[in-house]
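The values are calculated or read from the model by the stated rules, or taken from the named source; none is laboratory data. Note that the coordinates shown come from a computational prediction; the quantities given were computed from them, not determined experimentally. Please note: Cβ atoms are built from the backbone with ideal geometry, for glycine as well, and neighbour counts cover all protein chains shown. Accessible surface is based on the protein model in full, side chains and every heavy atom, while ligands, DNA and RNA are left aside. Shrake-Rupley method; radii C 1.70, N 1.55, O 1.52, S 1.80 Å.
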Amino acid sequence: MQTTQTTVDPAEIAKFEAMAAEWWDLEGKFKPLHMLNPTRLDYITRQIAAEFDRNLMADKPFDGLRILDIGCGGGLLCEPMARLGAVIVGADAAERNIPVAQVHAEQSGLDIDYRFTTAEDMAADGELFDIVLNMEVVEHVANPLSYLTACQQLLKPEGLHICSTINRNPKSFAMAIFGAEYVMRWLPKGTHVFNKFITPDELFALLEQAGLNPVDRKGFKFDFLGWSWSISDSDLSVNYVTSALKPA
C-alpha cells in the first residue's frame, strides 16, 4: 500500500482483519451482511440500470462499465457485479481480506481485480470509474468528508456513487449495536461505534461538500416476522442507502 494521506482508522481495520476468514461463512460473523446482500444488490442494480440506461434482463447488462467496490471485504458485491459483465475492482484497507476474496473469485471462475489499497491512494494514482460502491464503510473511517472526497475524485464526470451506512438514533443503537452485537451475537462486540453513525441529512451534506449531487435515498428495513430485508421509501431509521452523481 502507498503512503499518501489516508482516512483509514487502524482500530477499525483491526476489527475486520480479525474476521477476514469468515467472509463467505453464511452462518459466521458476516451472516447479517449475507442476509442484507440481496436487498443491497436490488437497489444497486436498479440505480445503475437507470443512470446508465441498461436492461437488467440482458445477458451482461453492465458490460463496459468500470466499477469500484471500496471496502470490498471478501467480495460479496464484487462477484455479482462481475457476473453482470462489469469490469470490477475490489479495494480494501484490511490486507487479510484480499486473499480471501481472491481465492473465492478463482473458485467461482470470476476475473476480479482485488487490491490492498485505499480510496485516497487510488485517487492519487488517477484511477477513474463509472460507479463507486461505498457500502457500510463511511461509518468506519477517521474522516468521512476526506474519504467521500476521495471517492468523488475516483468517479468519471456523471459517474454514480452509491453509499450505505447506519443512521444515528436510539433505534439504530438498539438494533445495530445492542441487538446485533449483544443479543443476537451476529457481530463481535465493538464492531460499531454509535458516535460514528451518520444521519441521512448529515450524509447528504457531506456528499455535497465532497462535490457530489445526492439524488436518492432509501431505507433497508428488517422484517422480524418474515426474517428478511426490504427497501423502504420512508423508513431510514436504521440502515439506509444513498445515490449521488458527479457533475458533468
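Please give the FRET efficiency for E202 paired with S232, using the beta carbon to beta carbon distance and R0 = 25 Å, rounded to the nearest 0.05. Walk me through the numbers before you get to the answer.
On the way: r = 19 Å, r/R0 = 0.77.
It comes out at approximately 0.85.
Can you give the relative contact order of the range 11-214 as a percent, counting alpha carbon pairs under 8 Å and 6+ residues apart? Provide the component values of the computation, followed by the final result.
Numbers: 318 pairs, mean separation 37.0, N = 204.
The normalised contact order for the range 11-214 reaches 18 percent.
Tell me, what is the per residue accessible area of the chain in Å², probe radius 1.4 Å?
Numbers: 11070 Å² over 248 residues.
Roughly 45 Å² per residue, with all protein chains present.
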Expressed as a whole percentage, what fraction of the accessible surface of the range 11-214 belongs to carbon and sulfur atoms when a 1.4 Å probe is rolled over the protein heavy atoms?
53 percent
With the cut-off at 1.5 for a/c, could you classify the range 1-132 from its C-alpha gyration tensor as rounded, prolate or oblate?
oblate
For the range 64-101 and the range 122-190, what is the separation of their C-alpha centers, rounded to whole Å?
15 Å
